[in-house]
Structures are given as C-alpha cells and as structure tokens.
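The values are calculated or read from the model by the stated rules, or taken from the named source; none is laboratory data. Everything quoted here is computed from the prediction, not taken from an experiment. Cβ sites come from the backbone with ideal geometry, for glycine too, and all protein chains shown count toward neighbours.
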C-alpha cells in the first residue's frame, strides 16, 4: 500500500478494526515477500474480534501496480459488508478515506 495512515483510518475508523502489532521488515524477508532489491516495509496488523489482517506498507521498493478492475482477477478484489443504512455507511467510509466507485453502466441480460 502507498499510504498507511489513510489505510488505517479506513479500516479502523471506518470498519471498526483496532491497530495491533507493528513490525519493521527489512532485506531479511525480501525472498519471502518475493520482492527484489532493498526491502524497507512496515507490517501493521489490525484486529477485530478473532479476525487479524496484516497490512504491508512498502517504503522500498515502493508499491507498484494498479488496483484490480475486475472481480475475476486473482487476489483480494471484493469485500462485502452488511449495513443498515447504505447512504450513511458510504458517507462514513468516504470520510474515513474510502473511495466510492461509480455504479456499473453496463447492464447484462440473460439470453434463453
């Protein structure tokens, strides 16, 4: 990820996780992370109840690539949540650093 404070604001303030363990990661883990070159990274865990998520914030090498644009790509591409008030939740997530995506403009129809 590129912006750890913004990411923590979204997950913690927006979704109710708590900041947990934090580790500085260096070259000794480059092979395990499958990253070439000098590694300077923060491993920040967040927790909610029994769920723990590790967030990796790369200072070196910097984060690269583009977020997925299709749900059939490998990797985390979808997170589904149930909320009572969708408009209020969307406003809250944006205030916590989230980004609303436009509604799909393409409609699919099922052919017989």
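One table, with the values for the structure above:
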read-out	value
In the range 4-40, residue modelled with the highest pLDDT [restricted to those that are in a loop (DSSP other than H, G, I, E, B) and in contact with a helix residue (DSSP H, G or I) (Cβ under 9 Å, 6 or more places away or on another chain)]	17
Filter result for residue 7 (touching a residue at least 40 places away in the same chain (Cβ under 8 Å) and surrounded by 12 or more Cβ atoms within 10 Å (Cβ to Cβ))	yes
Hey, residue 81 out of contact with any helix residue (DSSP H, G or I) (no Cβ under 6 Å at 6 or more places or on another chain) and under 21 Å from residue 18 (Cβ atoms) or not	yes
Residues that are out of contact with any helix residue (DSSP H, G or I) (no Cβ under 6 Å at 6 or more places or on another chain) and either surrounded by 10 or more Cβ atoms within 10 Å (Cβ to Cβ) or closer than 27 Å to residue 36 by Cβ (or both), drawn from the range 87-106	88, 89, 90, 91, 92, 94, 95
Given (1) surrounded by 15 or more Cβ atoms within 10 Å (Cβ to Cβ); (2) more than 12 Å from the chain's Cα centre (by Cα); (3) within 23 Å of residue 96 (Cα to Cα), number of the condition residue 39 does not satisfy	(3)
Single residue of the range 48-70 satisfying the filter (under 14 Å from residue 7 (Cα atoms) and at pLDDT 80 or above) that is surrounded by the fewest Cβ atoms within 10 Å (Cβ to Cβ)	54
